[in-house]
1. If the requirement is being more than 20 Å from residue 39 (Cβ to Cβ), among the aliphatic types (A, V, I, L, M) and surrounded by 14 or more Cβ atoms within 10 Å (Cβ to Cβ), which of these qualifies: 80, 100?
2. Return the pairs, sorted by first residue and then second, in which the second residue is among the charged types (D, E, K, R) and surrounded by fewer than 23 Cβ atoms within 10 Å (Cβ to Cβ), the first residue lies in region 35-49 and is in a helix (DSSP H, G or I), the beta carbons are less than 7 Å apart, and the residues are 6+ apart or on different chains.
3. What is the number of the single condition among (1) open to solvent by less than 60 Å² (accessible area, probe 1.4 Å); (2) under 28 Å from residue 35 (Cβ atoms); (3) not charged (D, E, K, R) that residue 162 does not meet?
4. Looking at region 135-156, which of its residues are closer than 22 Å to residue 61 by Cβ and open to solvent by 20 Å² or more (accessible area, probe 1.4 Å)?
5. Looking at (1) under 16 Å from residue 100 (Cα atoms); (2) assigned to a loop (DSSP other than H, G, I, E, B), find the lone condition where residue 152 falls short.
6. Out of the residues in region 103-129 that are small (Gly, Ala, Ser) and not in a strand (DSSP E or B), which is farthest from the chain's Cα centre (by Cα)?
7. What are the pairs, 6+ residues apart or on separate chains, where a residue within region 51-75 that is closer than 22 Å to residue 151 by Cα has its Cβ under 7 Å from a residue that is open to solvent by 70 Å² or more (accessible area, probe 1.4 Å) and assigned to a helix (DSSP H, G or I)?
Amino acid sequence: MKRLTLTLAALLVAAMPLSAQTAVQVSNSMNAQEQANLKMVLDWWREVIQARHVELADKYQAETYIQHNPNLPSGRDTFVNFFKTARPPKPVVDHMKMPVVLITAEGDRVVILSARKVRDRAKPDHVYYITWFDAFRIDDKGLIAEHWDPSEMWVDGKPPGAEFFPEWDN
């Protein structure tokens, strides 16, 4: 994406506390539709992913939602059925709790880069940070039609870094 640039913030991500609240600033170079797409993805993240209110998925996701993650099948109903048993819902907050490096929108795409703490499987005492991405395509109805992330196959049914996700709940 032409607006995706390296910044000093990306270099400092490892020093960033996991409890840092994420303030989102919208670029003036985004048009009104791109700003709306970005806001919709952020609202979906805060309400459906972070606060676990999967009953709101139909407000944000297309019924034919395509998941490009090898661990999860496609389809909004499949998404809801999988995530409704993961953890109970909690209150929605006005910010993203994961440490965000960059959020951008261009055309019908929205991309979020975040820092993710993970444990080395070969050396369990070694914990380090990676830069994770979540990318989305928004359809002509303003719904999330596709999602991409770099996930490998999960170990014990959990994504990389899952043991550290509760740190974002503080």
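The values are calculated or read from the model by the stated rules, or taken from the named source; none is laboratory data. This one's a predicted model, so the numbers in the text were calculated from it and none came from an experiment. A quick note on method: Cβ atoms are made from the backbone with ideal geometry, for glycine too, and the neighbour counts reach across all protein chains shown. Please note that ligands, DNA and RNA were not included when accessible areas were found on the heavy atoms of the full protein model with its side chains. Shrake-Rupley method; radii C 1.70, N 1.55, O 1.52, S 1.80 Å.
1. The match here is 80.
2. Within 7 Å, the pairs are 37/108.
3. Looking at each condition in turn, residue 162 falls short on (2).
4. 137, 139, 140, 141, 142, 143, 146, 148, 149, 150, 154, listed by residue number.
5. The number of the failed condition is (1).
6. That would be 122.
7. 72/82
Yes/no matrix, rows are residues, columns are (1) modelled with pLDDT under 95; (2) touching a Cys at 6+ places or on another chain (Cβ under 7 Å); (3) within 19 Å of residue 112 (Cβ to Cβ):
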| position | (1), (2), (3) |
| --- | --- |
| 2 | yes, no, yes |
| 11 | yes, no, yes |
| 24 | yes, no, yes |
| 40 | no, no, yes |
| 60 | no, no, yes |
| 79 | yes, no, yes |
| 88 | yes, no, no |
| 97 | yes, no, yes |
